[in-house]
Amino acid sequence: MRDLAVLILWVAAGSAVGGLARFFVSGLVARAIGETFPWGTMVVNITGAFGIGVLAALARRQGLLIFPEAWSIAATGLLGSYTTVSSFSLQTLALAREGEWLRAAGNIVLSLALCLGAAALGMAAALEAAGESGL
Amino acid sequence: MTGAGRERPRWRALRDGFLLYLAVALGTAIGGVARALVSAAAIELAGSGFPWGTLVANVVGSFVIGFYATLSAPDGRLFVGARQRHFVMTGICGGFTTFSMFSLETLHFATAGHYRMAALNVGISVVAWLAAVWLGHALATRINRLRGT
């Protein structure tokens with residue numbers, strides 16, 4: 001029970017920071033590039049996927065994540081909450097409802113390809129840096 | 001006098017900005033913790049062979065944001081301020097759903113050589129997310145049109 005309370009606390013702390021970072025970054029990108037296409041959400045999701053790839057590689061290499069709570073705060077909390085599917089879904093729906101089918105499809109394909117690619121790249125880069133080859 | 005006149009709106013803007021960020025942080029903390037609990041429950045119930053927890057969170061979060069966004073839109077039935085909208089949508093829904101965990105779990109399938117499971121996770125997830133957000137939107141649209149216009 002105490003473990004659960006501690007887990008909740010760590011996830012809550014990481015999530016609060018992750019959510020603020022998403023709000024800040026997506027707003028920044030949207031203001032810089034414009035809002036005809038949801039670049040803000042995409043930038044957030046790509047960078048978050050890269051980060052979680054790095055973290056997963058570090059977690060695989062024992063000892064690199066010193067505290068067992070590190071995964072709760074950094075992965076489940078911070079990066080998990082930094083990225084979002086709900087905004088992606090809502091923005092894709094909005095594009096489709098406006099008849100912007102090409103942009104809606106582009107948002108789906110680009111988000112999937114770039115996020116999966118970023119997670120793989122993050123993991124490969126961290127493993128390489130940690131002295132392991134390949135995935 | 002002009003100084004005081006200038007300062008009041010500035011403090012007000014500062015306070016509103018602070019409360020907006022507080023709403024986002026609080027909402028995301030609630031959403032993130034709820035996702036962690038759903039993921040833990042899913043592993044208890046269905047094991048860790050398939051990332052059901054992330055799928056459920058992302059589908060439910062997509063439904064809720066579709067529903068709430070339409071219900072609280074300018075022509076919707078629910079009258080709420082920008083802060084409450086950000087609390088629910090940016091905060092709770094944003095924290096509850098996660099693209100990074102979905103990416104990592106898909107990558108884990110792929111690196112383990114389970115390419116079909118990776119493709120299945122992507123296919124099922126995207127279709128379910130978009131169906132859920134559309135369903136939420138469609139339901140709220142019907143509620144907005146109900147009686148007493």
*Tell me, which helices (runs of 4 or more DSSP H) wholly within the stretch B:18-123 include 3 or more residues that are surrounded by 24 or more Cβ atoms within 10 Å (Cβ to Cβ) and out of contact with any Lys or Arg (no Cβ under 9 Å at 6 or more places or on another chain)?*
B:52-71, B:99-111
*Among the candidates A:L95, A:L58, which residue alone is in a helix (DSSP H, G or I), more than 9 Å from chain B (Cβ to nearest Cβ), within 21 Å of the chain's Cα centre (by Cα) and hydrophobic (A, V, I, L, M, F, W, C)?*
A:L58
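Yes or no, residue by residue, for (1) touching a Pro at 6+ places or on another chain (Cβ under 7 Å); (2) assigned to a helix (DSSP H, G or I); (3) over 22 Å from B:L37 (Cβ atoms):
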position: A:E35; (1), (2), (3): no, no, yes
position: A:P68; (1), (2), (3): no, no, no
position: A:G77; (1), (2), (3): no, yes, no
position: A:T84; (1), (2), (3): no, no, no
position: A:F88; (1), (2), (3): no, yes, yes
*B:V24 at the interface with another protein chain (Cβ under 9 Å from one of its Cβ atoms) and of a type in the set (A, V, I, L, M)*: yes
*Can A:A49 be described as of a type in the set (A, V, I, L, M, F, W, C), facing chain B (nearest Cβ under 8 Å), under 19 Å from B:L107 (Cα atoms) and surrounded by fewer than 24 Cβ atoms within 10 Å (Cβ to Cβ)?*
no
*Do we find that A:R103 is closer than 23 Å to B:V127 by Cα and either more than 9 Å from chain B (Cβ to nearest Cβ) or under 14 Å from the mean Cα position of the chain (by Cα) (or both) in this structure?*
yes
*Is the stretch B:97-117 home to any residue that is modelled with pLDDT of 95 or more, of a type in the set (K, R) and more than 15 Å from the chain's Cα centre (by Cα)?*
yes
*From B:A118, B:A112, which residue is touching a residue at least 12 places away in the same chain (Cβ under 8 Å) and either in contact with a Phe, Trp or Tyr (Cβ under 7 Å, 6 or more places away or on another chain) or farther than 23 Å from A:S87 by Cβ (or both)?*
B:A118
*asked:* Considering only residues that are buried (at least 16 other Cβ atoms within 10 Å of the Cβ), closer than 27 Å to B:V60 by Cα and of a type in the set (A, V, I, L, M, F, W, C), which ones fall in the stretch A:111-135?
replied: A:L112, A:L114, A:C115, A:L116, A:A118, A:A119, A:A120
*Out of (1) more than 23 Å from A:L112 (Cα to Cα); (2) of a type in the set (D, E, K, R); (3) under 12 Å from the mean Cα position of the chain (by Cα), the odd one out for A:R22 is which?*
(1)
_Considering only the stretch B:50-72, I want to know if a residue exists there that is touching a residue at least 40 places away in the same chain (Cβ under 8 Å) and touching an Asp or Glu at 6+ places or on another chain (Cβ under 8 Å)._
yes
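The values are calculated or read from the model by the stated rules, or taken from the named source; none is laboratory data. Fair warning: this is a prediction, and the values are worked out from it, not measured in the lab. Glycine also receives a Cβ, built like all others from the backbone with ideal geometry; neighbour counts cover every protein chain displayed.
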